[in-house]
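Student: Supplied in structure tokens, the structure appears directly below.
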Amino acid sequence: MINIENLIRDNIRKLNPYSSARDEYTGSIGVFLDANENSFGSIPDGKFNRYPDPHQREIKEKLSKIKKTNPENIFIGNGSDEAIDLLFRAFCEPSKDTVLIMPPTYGMYKVAADINNVEVIEIALTDEFQIETENVLNNVTPNTKLMFICSPNNPSGNLLNRNSITKILRSFNGVVVIDEAYIDFTNDESWINELSNYNNLVVLQTFSKAWGFANIRVGMAYGDMQIISVMNKIKYPYNVNGVSQQIISQALDNEVEKNRIVEKIISERNKLIDDLLKLSIVEKVFPSDSNFVLAKVRNANRIYDYLLDKKIIVRNRSKMINCEECLRFTVGTESENQRLIEILSKYGE
Ligand SMILES: Cc1ncc(COP(=O)(O)O)c(C=O)c1O
């Protein structure tokens, strides 16, 4: 067991958090004259004048059943990007503490570190996009408070080796964040199931991918109560708006539909991989456990510009370490993927 209290920044440990009107009275029936809202309603149809539940109780209740955990172990944020930022603010003293990340990986870890003035230790994944476990552990210092592991990893698309992650969880004395934004597209078990074994583990998930709600910004962090309560203590009081809460709550009653769409995306992904491999300009397609595929092509910059010219927008990842000449393709609908392959097959004609 790690002493989480000791990892929290001094000023955050001592912080007296903002107490919102909706913290003090939690009932739903009454005459609400406590929050300086507009009692006459919103324009034009009157429904949005009240502040939303600051604790997102309904969503947490439903999620806790699906994920077999307790509401106290769930943080809900304005996208998982909010959780990433809050973890820095909770645990990393600017200009003193450090974070370890494993490029090529999701860009927001470094951006959030830079915003918070936290030094980044980068230990690259191998050329097969797996963790250099010993190298990672040898580069940790007493000031390394956070480590981000993205699995399935963006932009490579693959799951990271479980034994490597277990070794890190057993050896690292800071907070290990496993970002599972793409976990629904794999058959692998979520690390949420390991939360009771490691009190320094935080698992990030999101409604932006498998659930299809990128627009309304809702993400989650699962972890030990001590970590989750510090995140709740420092978040903006009404960080998830009421419209998003309502839509997500409704969606959670229909997990079957989410699973059906995930199956479709996986089948489209496998078809896309096969089709890409048939193209002479494609040199390699990396294995994917995600809703995107990374492919090494003959000239990434030129092909990227060519696609852009045809109004097909993909992600050029060729500047990232171990991703030379690589493009990342999000799995589209059947017709979108067909269009991509058709245009790619005409490249150079
Ligand atoms: C690995 C990873 N984590 C998190 C996010 C962001 O998720 P959210 O939309 O919940 O902020 C992304 C978005 O692309 C991602 O690729």
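The values are calculated or read from the model by the stated rules, or taken from the named source; none is laboratory data. Being a predicted model, the structure only gives us computed values, none of them experimental. Using ideal geometry, Cβ is built from the backbone for each residue, glycine included, and neighbour counts are taken over all protein chains shown. Side chains included, ligands, DNA and RNA excluded: accessible areas come from the protein's heavy atoms. Shrake-Rupley method; radii C 1.70, N 1.55, O 1.52, S 1.80 Å.
Student: Of (1) surrounded by fewer than 20 Cβ atoms within 10 Å (Cβ to Cβ); (2) on the phi > 0 side of the Ramachandran plot, residue 57 satisfies all except one. Which?
Tutor: Every condition holds for residue 57 apart from (2).
Student: Looking at this structure, is residue 118 within 28 Å of residue 238 (Cβ to Cβ), among the β-branched types (Val, Ile, Thr) and open to solvent by 30 Å² or more (accessible area, probe 1.4 Å)?
Tutor: So residue 118 fails the test.
Student: Further, regarding this structure: Applying the selection to segment 4-38, what residues are of a type in the set (A, V, I, L, M, F, W, C), open to solvent by 40 Å² or more (accessible area, probe 1.4 Å) and either in contact with a strand residue (DSSP E or B) (Cβ under 8 Å, 6 or more places away or on another chain) or more than 20 Å from residue 202 (Cβ to Cβ) (or both)?
Tutor: 29, 31, 33
Student: Hey, among the residues in segment 80-96 that are free of Cβ contacts under 8 Å to residues at least 60 places away in the same chain and on the phi < 0 side of the Ramachandran plot, which one's most open to solvent (accessible area, probe 1.4 Å)?
Tutor: 96
Student: Step by step: first the residues of segment 82-93, then only those that are within 9 Å of residue 9 (Cβ to Cβ) and not aromatic (Phe, Trp, Tyr), then the one that is farthest from the chain's Cα centre (by Cα). Which residue is that?
Tutor: Here the answer is 93.
Student: Here is a further query. Looking at residue 69, is it open to solvent by 70 Å² or more (accessible area, probe 1.4 Å) and either without any contact (Cβ under 8 Å) to a residue 24 or more places away in the chain or β-branched (Val, Ile, Thr) (or both)?
Tutor: Here the answer is no, as residue 69 does not meet what is asked.
Student: Every residue in segment 170-194 that is of a type outside the set (Asp, Glu), out of contact with any Leu (no Cβ under 6 Å at 6 or more places or on another chain) and part of a helix (DSSP H, G or I), please.
Tutor: Selection gives 170, 183, 185, 191, 192, 193.
Student: Moving on. Taking segment 166-185 on its own, how many of its residues are over 30 Å from residue 256 (Cβ atoms) and open to solvent by less than 10 Å² (accessible area, probe 1.4 Å)?
Tutor: Within segment 166-185, residues that are over 30 Å from residue 256 (Cβ atoms) and open to solvent by less than 10 Å² (accessible area, probe 1.4 Å) number 6.
Student: Restricting to segment 288-335, give me the number of residues that are under 28 Å from residue 261 (Cβ atoms) and loosely packed, with under 14 Cβ neighbours inside 10 Å.
Tutor: 6
Student: Right, next: Being open to solvent by 20 Å² or more (accessible area, probe 1.4 Å), more than 16 Å from the ligand (Cβ to nearest atom) and not in a strand (DSSP E or B), is that true of even one residue in segment 203-216?
Tutor: No - not one qualifying residue is present in segment 203-216.
Student: Going by the conditions given, is residue 106 open to solvent by 40 Å² or more (accessible area, probe 1.4 Å), touching a strand residue (DSSP E or B) at 6+ places or on another chain (Cβ under 7 Å) and in contact (Cβ under 8 Å) with a residue 24 or more places away in the chain?
Tutor: Taking the combined requirement at face value, the residue satisfies it.
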